[in-house]
Structures are given as C-alpha cells and as structure tokens.
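One structure below.
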C-alpha cells in the first residue's frame, strides 16, 4: 500500500513509492504474471519512459526477454534507464508488429484488462485510507489509470481528468478556458490512440466530475513549489495539482480531494 499524505487542503496518493518510483508498477506486475500464466516467453512494450522502466524491472525478476520501443522525443533521463531501447517514429505500431511477428506479449496498457485490474487496487487502498474521499485528480494520457481506478470507486467520488494545453483530447471536451500551446514540461501524456476514450468520458460524467486543461506556466509554477519543498515528484503530478488549483473555486471538489502522485522526478 502506498502512503496517503495530507498537503494543505488536499491529499497526495504517493505512487512514487512503488518499486520503480512510478504508478506503472501497479499494472506491469499483474500483466507480467498473466503473460507467464498464458505461456508467453517474451514481452514487448511501447512507452514514453515510465512503463518501460517498470516492465524492465518485472521482466528481469522473471527472467523474461523484453523489447522496448520508444519515440525519439523520449526524455533523456528516462532513456538512460532503459536497456537497449529501440528508437522508432511510430513506437506503438512497431510494438504491435513485433508482438505479432514474434508471439511476444504486448504490454500496452490501454488494450490489456490486466493493467486495468492492477490500477483498481489503488481505489481499494484509497477507500481504506480515506473512506470519506470526495474527489480524485489524475493526469491523463491514454486514460488506463483513470479507468482502472474509477472502476472500483463509488459514483459519489468526482473524477477530474487533467491534461496539458499542448495535448488535451480528453480534458478539452469539458474545459475551453485555455490557450493552446506547443510545449509542456510533462512528457508522459502524449498518447494519440485512445481506445478507452468512451470509458473515460463515461467515468467522468457518471461521477459529476470534469476535465481540466492547464497552461504550461502553471505546471512549472507548481512543480517548482514541490521541488522547493523537497517533494521530488514528476511534472505530471504538478500538472494534476495545478488542475486542482484551477478548478476548486468553480467546482465542488468536496472536503477530501485526492491527487494521484503518479511518479518520482526522473
């Protein structure tokens, strides 16, 4: 169980406390267990960094060969942590082709129910740690984390999906009070394929939540505050906090809002 910490007027669910410092451990561990049970002997993944680092960890424990496809735009700090990455301009399709050609298990989270089941454990923990939870704020890329968690949360918990103004196909469906930008300090939320889009909208709408688009300057400001206070969390976590800052004056987030700290600073 990862810690839940009170900060000012919200709570932080510290998923950076997982073995590789990322929320991706929640999904990769059960995915690896499943592929072994299904008699696969290797795995492949396309990733912006954290999922590959997590997959690498769990595959090593189980002595499974892993092939990793990443974009040339991957953050250098994350690239250094990945063994023998394959650079591809289309890493998602490259991983699909590799999986089919080599009968290798594709660890893509948005298409694997085992990943969603892994994320649902976060909801179980939150309901145990904070039974009165009123809302949850998540940085959203493909949406697999959001869907997995909200599958286990009661509809009384409002779901807020937060995305940067540079790439906001989900949040902009709700929030139009932003200026489109081309840059962001977040680098893990650039998913173009969204097979879970319908489920994401359904979860938000069912809960009475909202989508929030955040400007890069606000993310930088929040990230600097975290680091100045020696809280070494990812820019994606700062994005979620900035989303909370933006929306709490206009939407009822309740007395017990939780922000998912998705990973450590790399």
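Which of (1) in contact with a helix residue (DSSP H, G or I) (Cβ under 8 Å, 6 or more places away or on another chain); (2) crowded, with 21+ Cβ neighbours inside 10 Å; (3) in a loop (DSSP other than H, G, I, E, B); (4) modelled with pLDDT of 95 or more does residue 162 not meet, given it meets every other one?
Checking residue 162 against (1) in contact with a helix residue (DSSP H, G or I) (Cβ under 8 Å, 6 or more places away or on another chain); (2) crowded, with 21+ Cβ neighbours inside 10 Å; (3) in a loop (DSSP other than H, G, I, E, B); (4) modelled with pLDDT of 95 or more, the one that fails is (3).
Among the residues of the stretch 99-140 satisfying the criterion of being in contact with a strand residue (DSSP E or B) (Cβ under 8 Å, 6 or more places away or on another chain) and under 13 Å from residue 191 (Cβ atoms), which is surrounded by the fewest Cβ atoms within 10 Å (Cβ to Cβ)?
Per the stated criteria, the residue is 108.
Pick from 169, 154, 195: which is within 21 Å of residue 205 (Cα to Cα), surrounded by fewer than 17 Cβ atoms within 10 Å (Cβ to Cβ), in contact (Cβ under 8 Å) with a residue 40 or more places away in the chain and in the same structural domain as residue 135 (by TED's automatic domain parsing)?
Step by step, each of 169, 154, 195 is checked, and only 195 is within 21 Å of residue 205 (Cα to Cα), surrounded by fewer than 17 Cβ atoms within 10 Å (Cβ to Cβ), in contact (Cβ under 8 Å) with a residue 40 or more places away in the chain and in the same structural domain as residue 135 (by TED's automatic domain parsing).
Considering only residues that are part of a loop (DSSP other than H, G, I, E, B) and free of Cβ contacts under 8 Å to residues at least 40 places away in the same chain, which ones fall in the stretch 127-142?
Residue satisfying the conditions is 131 alone.
Counting only residues that are in contact with a helix residue (DSSP H, G or I) (Cβ under 8 Å, 6 or more places away or on another chain), under 15 Å from residue 264 (Cα atoms) and part of a helix (DSSP H, G or I), how many does the stretch 226-244 have?
Number satisfying all stated conditions: 6.
Which number in (1) outside the structural domain of residue 179 (by TED's automatic domain parsing); (2) in contact (Cβ under 8 Å) with a residue 12 or more places away in the chain marks the one condition that residue 101 misses?
So the condition that residue 101 fails would be (2).
Which numbered condition trips up residue 124, out of (1) outside the structural domain of residue 167 (by TED's automatic domain parsing); (2) without any contact (Cβ under 8 Å) to a residue 60 or more places away in the chain; (3) part of a helix (DSSP H, G or I)?
With (1) outside the structural domain of residue 167 (by TED's automatic domain parsing); (2) without any contact (Cβ under 8 Å) to a residue 60 or more places away in the chain; (3) part of a helix (DSSP H, G or I) applied to residue 124, the lone miss is (1).
Table: residues versus (1) within 16 Å of the chain's Cα centre (by Cα); (2) surrounded by fewer than 20 Cβ atoms within 10 Å (Cβ to Cβ); (3) outside the structural domain of residue 249 (by TED's automatic domain parsing).
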site	(1), (2), (3)
13	yes, no, no
17	yes, yes, no
36	no, yes, yes
53	yes, no, yes
59	no, no, yes
81	no, yes, yes
87	no, yes, yes
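Tally the residues that are in contact (Cβ under 8 Å) with a residue 40 or more places away in the chain and on the phi > 0 side of the Ramachandran plot, restricting the search to the stretch 39-91.
1
Determine whether the stretch 196-208 contains at least one residue that is modelled with pLDDT under 95, more than 22 Å from residue 250 (Cβ to Cβ) and not in a helix (DSSP H, G or I).
Yes: the stretch 196-208 contains one or more residues that are modelled with pLDDT under 95, more than 22 Å from residue 250 (Cβ to Cβ) and not in a helix (DSSP H, G or I).
What are the residues in the stretch 212-243 that are closer than 24 Å to residue 172 by Cβ and surrounded by fewer than 24 Cβ atoms within 10 Å (Cβ to Cβ), if any?
215, 216, 217, 218, 220, 221, 222, 223
The values are calculated or read from the model by the stated rules, or taken from the named source; none is laboratory data. Just so you know, these numbers come straight off a predicted model, no measurement behind them. Every residue, glycine as well, gets a Cβ built from its backbone with ideal geometry; the counts of neighbours run over all protein chains shown.
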